[in-house]
Amino acid sequence: MQYGPDGIGGVVNALTKAPMTYGEGVQYFGRGFYRFASAEDSHIARGEFGLTIDETFGIMVGATGKWFGDLEGGQDTGEMPNTGYDEWDVDVKAEYYFDPDAKLVFGYQRVQQNNVPRTHSTVDSKSFAGTTIGTDLRRDLDQDRQLAYLQFHSENIDGFINAVHVSVSWQQQEEVQDRIRVGRRDLDGFTVDTYGLWFQLESDTAIGYWTYGLDYYHDEVDSFSLRNGVTDSVQGPIGDEASYDL
């Protein structure tokens, strides 16, 4: 109910990691993670490091590398060639406390996936229960996502309004597809810049605890398409120079 028609299929509330070890003086912390899986011969490694200064300031930096090999199918399928790809991630989060109930938060995230194959449509695909083998010589996609935001949070306020949360953000999503067919190479993609602003207020009243606010997002879209290195007269995968307001 709280998220209106945009939450009709459910809402996932993702809480990103924050600096820890707040206390007297300067304190440091670090964590590491490694995962291996045999089904796709994958390796995932992550490192985190941060520090806090008294009860006032904290920062955490994390980086992740993911290397996925070719997927190993069932006994009738075997190794599926050209299914592996790499991914790189980085994230930063900083907090500044004006007092125990009020803080400023800055966050940044970036995700890059390189040469992710759409194997099913290529000549490297394998037939399953009579399905047709693909004909593309290559069909790879690059993905790049960035998100930066600045937020203010204040709680335990005396008065009708008991809490205030405000955020401004910028997100950029890019996708480029490189598709090679016999006698033809298509290169197309798009970039979407999203600018966001939202605020949320909370009030404890005689008829219940109220959460209310407003959010606004504006999308700017650029899209392109090349056929054998020449700009196509048809737009890219989505409408070029489009905009969307929510």
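Observations
- On the chain, 56 percent of the accessible area sits on carbon and sulfur atoms, based on a 1.4 Å probe.
- Area projected by the alpha carbon convex hull of region 118-246, averaged over all directions, nm²: 13.1
- Bridging of residue 17 to lysines at a Cα separation below 22 Å is possible for 66, 93, 103, once same-chain residues fewer than 8 apart are set aside.
- Over the chain, equivalent-ellipsoid semi-axes from the Cα gyration tensor in Å: 42, 25, 18
- Between residue 203 and residue 33, the modelled labels are 4.0 nm apart [label points 7 Å from Cα along Cα→Cβ].
- Span from the region 79-110 Cα centroid across to the region 1-72 one, whole angstrom: 7
- Which of 209, 28 is most accessible, then next, and so on - probe 1.4 Å: 28, 209
- Normalised per residue, the accessible area of region 66-218 is 58 Å², obtained with a 1.4 Å probe and no contribution from ligands, DNA or RNA.
- Label-point separation in nm, residue 21 to residue 212, each point 7 Å along Cα→Cβ: 4.4
- Each label point was placed 7 Å from the Cα along the Cα-to-Cβ direction; for residue 181 and residue 240 their separation is 2.0 nm.
The values are calculated or read from the model by the stated rules, or taken from the named source; none is laboratory data. Quick caveat, the model's predicted, so the values are computed rather than measured. Virtual Cβ from ideal backbone geometry, glycine too; neighbours counted across all protein chains shown. Please note that ligands, DNA and RNA were not included when accessible areas were found on the heavy atoms of the full protein model with its side chains. Shrake-Rupley method; radii C 1.70, N 1.55, O 1.52, S 1.80 Å.
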